[in-house]
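Reading through the structure tokens given below for one structure.
The values are calculated or read from the model by the stated rules, or taken from the named source; none is laboratory data. For clarity, every value in this text was computed on a predicted model and none was experimentally measured. Neighbour counts are summed over all protein chains in view; Cβ atoms, including those assigned to glycine, are modelled from backbone coordinates with ideal geometry.
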Amino acid sequence: MRPLGLVAVAMAALLLTACGASDADTGTAFVAGDGSIVLIAPDERQPAPDLVGPTLEGGEFRLSDHLGDVVVLNVWASWCAPCRAEAPVLEDVWREVKDDGVQFVGLDTRDTEAAALAFLDRYGVTYPNVIDTDGRLQLLFSDTLPPQAIPSTLVVDREGRVAGRILGRVTDATLTALIDDVAR
């Protein structure tokens, strides 16, 4: 095998091992998102399920209360390294768009409340976050999200329909562009 072929095989092996992971502290397995970005044409969008759940901040979040807004739903967990890496990006974009009819909500899945609250404090997250300790709320979106892909981000249009999806860690430019496309 030529040296270039060896490099290609090594890169493929690295990518394959990066697709699955587990957290040594919690024993929780997850599948890292593949980085795919999907924007759904308006005539093909399906209604989002009405996510209702308790927030880590002590209230309740109901997705249907935000009809008329673009809603960015980010699925995360404190034990997920890509989630930790994207938290500052999400907060920065939230601060830029929150006065433009855009609502962010986090969905903390398969986590403890204490770990989740520490995560929010550490990264200065100010948008509401629903706690989903057993993953049931995440499963409401199984038609549009692989149930173990963390982090994942959905964008729901002003009519309450799933309009876009990012599997894996978001970037400022990608998330902003997706929100802009959906808000038009």
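In table form, for the structure just shown:
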| quantity | calculated |
| --- | --- |
| Tally, over the stretch 156-183, of residues that are outside any loop (DSSP other than H, G, I, E, B) and of a type outside the set (Val, Ile, Thr) | 13 |
| Residues (crowded, with 20+ Cβ neighbours inside 10 Å and in a loop (DSSP other than H, G, I, E, B)) located in the stretch 128-143 | PHE141 |
| Qualifying residue in the stretch 108-127 (condition: of a type in the set (A, V, I, L, M), under 13 Å from the mean Cα position of the chain (by Cα) and surrounded by 14 or more Cβ atoms within 10 Å (Cβ to Cβ)) | no |
| Lone qualifier among VAL89, VAL93 - being closer than 12 Å to VAL125 by Cα and crowded, with 21+ Cβ neighbours inside 10 Å | VAL93 |
| Residue that is over 19 Å from PHE141 (Cβ atoms) and at pLDDT 95 or above, where the choices are ALA87, ALA13 | ALA87 |
| Residues of the stretch 94-118 that turn out to be more than 16 Å from ASN129 (Cα to Cα), in contact (Cβ under 8 Å) with a residue 24 or more places away in the chain and not small (Gly, Ala, Ser), as a count | 3 |
| Test: ASP99 is part of a loop (DSSP other than H, G, I, E, B), modelled with pLDDT under 95 and out of contact with any Asp or Glu (no Cβ under 7 Å at 6 or more places or on another chain) | no |
| The stretch 69-86, residues that are in a helix (DSSP H, G or I) and either over 15 Å from the mean Cα position of the chain (by Cα) or over 24 Å from PRO49 (Cα atoms) (or both) | ALA81, PRO82, ARG84, ALA85, GLU86 |
| The one condition in (1) in a loop (DSSP other than H, G, I, E, B); (2) surrounded by 19 or more Cβ atoms within 10 Å (Cβ to Cβ); (3) modelled with pLDDT of 95 or more; (4) not aromatic (Phe, Trp, Tyr) that THR153 fails to fulfil | (1) |
| Scan of the stretch 17-46 for residues that are on the phi < 0 side of the Ramachandran plot, modelled with pLDDT of 55 or more and surrounded by 11 or more Cβ atoms within 10 Å (Cβ to Cβ), ordered by number | GLY33, ASP34, ILE37, VAL38, LEU39, ILE40, PRO42, ARG45, GLN46 |
